[in-house]
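Input: a single structure, listed below in structure tokens.
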Amino acid sequence: MKSKSLAFLFVCGLLLAACGANATPTESTPDVAAIRTSAAKTVIAQFTLTAAVFTPTLEPPPTETTAAEPTATATSTQAVVAQVTNAEGTTIAICDKYSWDIATVDVNIPDNTVMSPGQDFTKTWKIKNTGSCTWGDGYRLIYSYGDRMSGEAQPLEGAIVPGQEVEVSVNFTAPDSAGTYFSSWTMQNAGGTPFLGNDDKPLYVQIIVQ
């Protein structure tokens, strides 16, 4: 009787052991793949936040605006010209002006003409009235620079209208000492003002005293 009881207990023990091995655990086993996926998402989120912090925000390019040109305040000095323009836009010629043809300006006494010491001579030039005013009384040649050589200008003969050519002369006396001498002259109006705006240098004579 005792042996049957022991056998029954042994069989029950085996059954209990088998049931325990197949029983579902009360605590679930962690899902490793799910844990790895969650960790990866966390890392990606952290990188995204870091990039947002350190990525500079680009400002839109400035709108181009046309800068206003500076207004000039300094007044420049302009050279005298042959003609001027009035407020109505009409071109007006300068009143007192003369010019000449290089081929005909020297009527006599070409450059480097040989003179004796103290010799008197008269130099004549041909010029043209290229201004808008008529030359009358008071218009004459005046000494400009160089060797004066006792030069005295001869008066103009009659009125010289614009566009007209005229011969003008100066009486000279050659210096007593040997050498090369140069004398320059220009025109002056009746008010005592030298002509301005001429195309070439003033009239001149150059002699050699021997």
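The values are calculated or read from the model by the stated rules, or taken from the named source; none is laboratory data. Here the structure is a predicted model, which means the values were calculated and not measured. Here the Cβ positions follow ideal geometry from the backbone for every residue, glycine too, while neighbour counts run over all protein chains shown.
Across segment 169-195, which residue is modelled with the lowest pLDDT among those that are assigned to a loop (DSSP other than H, G, I, E, B) and either surrounded by 19 or more Cβ atoms within 10 Å (Cβ to Cβ) or under 43 Å from the mean Cα position of the chain (by Cα) (or both)?
Per the criteria, the residue is PHE195.
Within segment 106-153, track down each residue that is polar (S, T, N, Q) and without any contact (Cβ under 8 Å) to a residue 40 or more places away in the chain.
ASN108, ASN129, THR134, SER150
Looking at segment 197-206, is at least one residue out of contact with any helix residue (DSSP H, G or I) (no Cβ under 9 Å at 6 or more places or on another chain), in contact (Cβ under 8 Å) with a residue 24 or more places away in the chain and farther than 15 Å from TYR98 by Cβ?
Scanning segment 197-206 turns up at least one residue that is out of contact with any helix residue (DSSP H, G or I) (no Cβ under 9 Å at 6 or more places or on another chain), in contact (Cβ under 8 Å) with a residue 24 or more places away in the chain and farther than 15 Å from TYR98 by Cβ.
Considering only residues that are of a type in the set (Gly, Ala, Ser) and within 48 Å of the chain's Cα centre (by Cα), which ones fall in segment 148-168?
Correct list: GLY151, ALA153, ALA159, GLY163.
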